[in-house]
Every structure is written in C-alpha cells, then in structure tokens.
1. Can you give me the solvent accessible area of C47 with a 1.4 Å probe, rounded to the nearest 10 Å²?
2. Positive end of the dipole of the range 56-174, charges at C-beta (+1 Lys, Arg; -1 Asp, Glu), about the Cα centre: which of V134, T88, W151 has its Cα farthest in that direction?
3. Roughly speaking, what is the centre-to-centre gap between the range 101-143 and the range 51-75 when only Cα atoms are used, to the nearest Å?
4. For D24 and A92 in one chain, what is 0.36 nm times their gap in residues minus the Cα-Cα distance, to one decimal in nm?
5. Report the net charge of residues surrounding E124, where surrounding means a beta-carbon distance below 10 angstrom and charges are Lys +1, Arg +1, Asp -1, Glu -1.
Amino acid sequence: MLLTSALAVLTLGQSATGPAALPDPAELTTIVTARDTDLFAVMFDRCDPQALSDLVAEDLEFYHDRGGLTATRTAFVQDYRQACEAATGPQAYHSRRELVPGTMRVYAIPGVGAVEEGRHRFYERQGDGPERLVGQARFSVLWRLEGDGRWRLARAFSIDHEALSPQVAEPEAK
C-alpha cells in the first residue's frame, strides 16, 4: 500500500511538473488547426477581448514586420480592444483573414508545443460595402501546451506583408 501510494505521488508530481507529451503528428495538426481557427475567429469575427486573452500566453511576444514588437498578453489584448472599439461605427472597416489552402505546416517542439507556419490573405470591407482582397503575409507561431492542458499562442511572427491592389472578392461559399 505504501509503495503504491508513493508511486502515485511520484507519477502525479512528474506529470504536474514535467513537460506534457505531445500527440502524434496527425492529432497535433488537428489541434493546431483548431487553435488557428479559434484565434482568427475571435480576432476578426467576434471582437472579444476576453476570449483573446484566454487564447494567448501571459508572456506573449508578437513580432510584426510593420508594427514591431508587442510584448505581453496585457499589451496585445489592450491593442486589440482599442481596434475593436474603432470598428463599431456603421462605416467602420471590417477585416477577414483567410488561410491560404495548402500552406499550413505544423512542427512538434518536444516539451513545449508546436510551431505553425503558413500564408494568409486579408480582406476588408467598409460598412456594408463589397469585400476586397487587400493583402497577404506569412506567419510563424509557437503554440505552447501549458500546465493547465490548454494550447496558447506564445510567440508569433507576422512577416512579409504585401499590399495588393484592392480587388472585389468572390462571394464566400457557404
């Protein structure tokens, strides 16, 4: 009985303090794809600062080739909150992000999480006007598996932004 209890304590202690085991590559890609979808749905569709705060790590570092470094979850969410407030008027601009099909790659980082890389396009519309393709960029992000079992955005590089001549986008297939 004493040996069994000691082993249980040791096992619990190891899982609480040691790095979590990562899932197999297919499952890891499924998890990262879902996190990517959640992140951009919150950022572009919902304007929900609390939900964004739950998706990013406390020590977040976000590097943007046009905007520089945003360090910490607090600063990132505050910048986002201000952008959401600016997008409330009837003629405000609204953006949409689209992952370029076939460009996403996921790489396991043992003991940490996973790196996701890819390309995305950005669309914009003013008020109820037509949506236009306005730009594209590359990204590389670190999704960290944290002690509470949640995958959170810990590091992000948004780079190689390229403005595109505004083109009216084809209606999205529903």
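1. Number for this one is 60 Å².
2. Toward the positive end, the furthest listed residue is W151.
3. Result: 15 Å between the Cα centres.
4. That works out to 20.2 nm of additional length.
5. It works out to a net charge of +2.
The values are calculated or read from the model by the stated rules, or taken from the named source; none is laboratory data. From a predicted model like this one, the values you see are computed outputs, not experimental measurements. Please note: Cβ atoms are built from the backbone with ideal geometry, for glycine as well, and neighbour counts cover all protein chains shown. All accessible areas refer to the heavy atoms of the entire protein, side chains included, with ligands and DNA or RNA removed. Shrake-Rupley method; radii C 1.70, N 1.55, O 1.52, S 1.80 Å.
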